[in-house]
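Heads up, the thing below is written out as structure tokens.
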Amino acid sequence: MIKKILFTALFMSFLLSSQVEAHTPIEDSKPKDGEVITEELHEVSLIFGTKIEQTSKFDMLNTNGEIMEQANFTIQDNVMKASFYEPLENGAYKVNWSIIGEDGHPIEGIIAFTVDQAITEQKSEEVDKSKQQENEDIVTTTNESNDNNQVNTTSYLLPSIIGLLALIAIVSTFVLMRRKK
């Protein structure tokens, strides 16, 4: 009897072991992990070994650890892509991804890369012009606010009144419930 149970258990383990699937691996990414990009980059894509679920996602963090806003995010079969509003600036980036593969298992990972573009004279002139325009806007705004002699302050009066009314309502309800008992 024990031999039959052992034989059945051994047979079942061999039978079931051939049906076990591996987790969905990441096959490729653009840019690749550890890569240094020397040209404009507008899009990041991750390519997996099997189809991934639509609930999969990734966040890209810049050098300061801030999440980069994505202009467009798509998942199509085994490819997950995100594009950005502006080309990525020079610096280190980290992509934190999490997917649910075709096998149903959640998987997470990180891809890191660096953008290191040579700054051309045209780009530096554009940056200088935009900084100059920002400074002019600040001076204009400062002059306008000084001319009006008005100081913009945040008013906490309305939220304070609403909070006080809510507190009075809660206390009143509590007192009325205690009196009924």
Using the 2.2 N^0.38 Å rule of thumb for compact globular proteins, work out how the stretch 48-108 stacks up: its C-alpha Rg over that value, please. 1.21
Between GLU86 and GLU53, what FRET efficiency follows from the Cβ-Cβ distance if R0 is 41 Å, with the result rounded to 0.05? 0.90
Might you report the magnitude of the Cβ-based charge dipole of the stretch 20-115 about its Cα centre, with Lys and Arg at +1 and Asp and Glu at -1, to the nearest 20 debye? 60 debye
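Students often check this: by mean Cβ neighbours within 10 Å, which of 69-76, 169-176, 37-44 ranks highest, and how do the rest follow? Before the final figure, lay out the partial values.
On the way: 69-76: 12.4, 169-176: 9.8, 37-44: 14.5.
So the peptides 69-76, 169-176, 37-44, ranked by packing, come out 37-44, 69-76, 169-176.
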Rounded to one decimal in nm, the spacing of the 7 Å Cα→Cβ label points at ALA118 and PHE73 is 3.6 nm
Given Cα pairs under 8 Å that are at least 6 residues apart, what percent is the relative contact order of the stretch 20-115? 35 percent
Linear extension gain, ILE100 paired with GLU66, 0.36 nm per residue minus alpha-carbon span: 9.8 nm
If the only charges are +1 at each Lys and Arg Cβ and -1 at each Asp and Glu Cβ, what is the size of the charge dipole of the stretch 64-114 around the Cα centre, to the nearest 20 debye? 80 debye
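All of the numbers you see were taken from the coordinates with simple rules; none came from a lab. This one's a predicted model, so the numbers in the text were calculated from it and none came from an experiment. Note that we place each Cβ from the backbone using ideal geometry, even for glycine, and neighbour counts take in every protein chain shown.
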